[in-house]
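The structure appears below as structure tokens.
Read the figures in this text as sums done on the coordinates, not as results from a lab. In this text the structure is predicted, and so the values were computed from the model without any measurement. Cβ sites come from the backbone with ideal geometry, for glycine too, and all protein chains shown count toward neighbours.
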Amino acid sequence: MLVQCFQKRRFLGALVEKAIGDRQMNSRRNPVSVNDPGFWELIDNRTSLQIGTLGKYGWPHMASLWFASENGAVILTSYSRTQKVENLRRDRHATLLWEDDFHGEGLAGASVYGQAELIVASEGPDAMQKVGRYYRMVLTRYASHPSANHPPSCKQIEKLVHENTAKKAAIILRPEKVIVWEHSDLCGVY
């Protein structure tokens, strides 16, 4: 049911409805349980997300990344010298954002808040192995996604993993809080 809503361009409408139940809707942002399988089913239909980390001077730093999910966690990979990784070394707080627009009919999305676990491949053989596994997972998920443009082949994925893992870091975020929203058919009223 939830995936059908997504396919009809109503990204999280059914999940918002489920979150508020019979309560009067006084907010368009609603908490959802991190254990809600519908939430995971919906984000698995997305190819990318935006991660927000806190920069050195307190300003948010946003970046778009491909992702995978495993055992209730969102898995990301990035080069270990990027700003987002440097920010997470200082402060593990992160926000993930998935959004969808209804082509002028409204907006919907989900935000996930949590503290990220950071694994840097250069920290040793165990870290290298974990980062390689997560990097492969993210690339494979993207390559198999129906909306992927020019996805890499299995051979290309293995080449990328072999050539780049040593320079990578894995970011694992286990959601502490999930908020979903849908702003459709508001007719200018919030």
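Quick look at the values:
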{"quantity": "Order of VAL32, VAL131, VAL120 - criterion: other Cβ atoms within 10 Å of each residue's Cβ, fewest first", "calculated": "VAL120, VAL32, VAL131"}
{"quantity": "Net +/- balance of residues flanking TYR134 in space, Cβ distance below 10 Å, scoring K and R +1, D and E -1", "calculated": "+3"}
{"quantity": "Where trypsin sites (Lys or Arg not before Pro) fall in DSSP loop in segment 106-174, at most 13 other Cβ within 10 Å", "calculated": "none"}
